[in-house]
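Report on one structure; see the data block that follows.
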Ligand code: HEM
Ligand code: HEM
């Protein structure tokens, strides 16, 4: 179960490592790749780049699913797998401006995280079938609708992170960068798994280089649905 602390974090307490490097690298690579996939979707001539960033997002999520089982304490799914009653209790505690404090992900954040991970896989799979000409216009509508749903959840996720940060007087965004929070030392993790985190970053960069170098298969233009064949429909 997740570590629930009855009182808010003590801002004076020493900072303790709770997010390992692979989790943090995953998050910020995901933010960049998701934004890049979203932006490149606007222009047909960037479709190959769009697929590259989309594949990156897919690969990152597959990594995160494995890390959710094999990773360190607060990164493991078991540590933020909550019952609906926990989610409601957390939302109620937010509404009363006395939010319950969790060392790792809080129950509302956990819902957004699982929704994002699941939707990402569906967006990547639908984009893949579209790109390789396995599905028609209807799939484009589904792909776009799910990508937009993701964007909405991302908006709620960011707002949630900011609101929780304010209410807890704890900078959650900085914690996702540094890996550290002011919690009791026994909540901490022993090591940051720097090697694996570094390997994840290198693997993503290597994939981008390989893609730009022409080593990653891309759909021939003729295979793409009508819509994806060379007319720009977005901003130019
Ligand atoms: C600038 C934009 C973003 C900010 C500031 C942000 C902030 C954060 C923060 C603070 C956490 C940790 C929450 C906690 O302490 O419980 C987190 C976790 C997470 N965020 Fe974001 N986020 C952003 C964008 C995104 C995007 C675009 C996605 C997905 C497409 C995303 C997916 C996730 C996931 C999956 C986690 C869980 C991390 C893990 O345990 O691996 N975030 N985010
Ligand atoms: C997180 C990942 C992804 C996001 C956020 C995303 C987002 C989007 C969006 C918003 C559109 C609609 C563009 C528009 O019509 O204005 C789109 C279209 C498309 N996406 Fe993705 N996508 C992702 C992943 C992928 C992947 C992995 C592939 C292929 C391997 C792909 C292939 C396509 C194709 C072929 C289209 C149709 C392009 C067109 O209308 O001309 N997408 N995507």
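The values are calculated or read from the model by the stated rules, or taken from the named source; none is laboratory data. Since the structure is predicted, the reported quantities are computational estimates derived from the model, not experimental observations. Because the Cβ atoms are built from the backbone with ideal geometry, glycine has one as well, and the counts that use them run over all protein chains shown.
Descriptive notes on the structure:
- Of all residues in region 129-150 being out of contact with any helix residue (DSSP H, G or I) (no Cβ under 7 Å at 6 or more places or on another chain) and part of a helix (DSSP H, G or I), the one that is farthest from ligand 2 (Cβ to nearest atom): 138
- Checked against the criterion of being farther than 22 Å from residue 99 by Cα and within 16 Å of ligand 2 (Cβ to nearest atom), region 152-162 has at least one qualifying residue.
- The residue list 37, 51, 78 contains one member that is surrounded by 21 or more Cβ atoms within 10 Å (Cβ to Cβ) and away from ligand 1 (no atom under 12 Å from the Cβ), which is 51.
- In region 182-207, the residues that are in contact with a helix residue (DSSP H, G or I) (Cβ under 7 Å, 6 or more places away or on another chain) and either on the phi < 0 side of the Ramachandran plot or surrounded by fewer than 13 Cβ atoms within 10 Å (Cβ to Cβ) (or both): 189, 192, 194, 196, 197, 200, 201, 204, 207
- Residues (free of Cβ contacts under 8 Å to residues at least 24 places away in the same chain and either closer than 17 Å to residue 202 by Cα or more than 8 Å from ligand 1 (Cβ to nearest atom) (or both)) located in region 63-75: 66, 69, 70
- In region 173-186, the residues that are in contact with a strand residue (DSSP E or B) (Cβ under 8 Å, 6 or more places away or on another chain) and either within 16 Å of ligand 2 (Cβ to nearest atom) or at pLDDT 95 or above (or both): 175, 179, 180, 181
- Test: residue in region 58-65 that is exposed (fewer than 15 other Cβ atoms within 10 Å of the Cβ) and in a loop (DSSP other than H, G, I, E, B): no
- Hits in region 163-181 - residues which are crowded, with 18+ Cβ neighbours inside 10 Å, at negative phi and in a loop (DSSP other than H, G, I, E, B): 170
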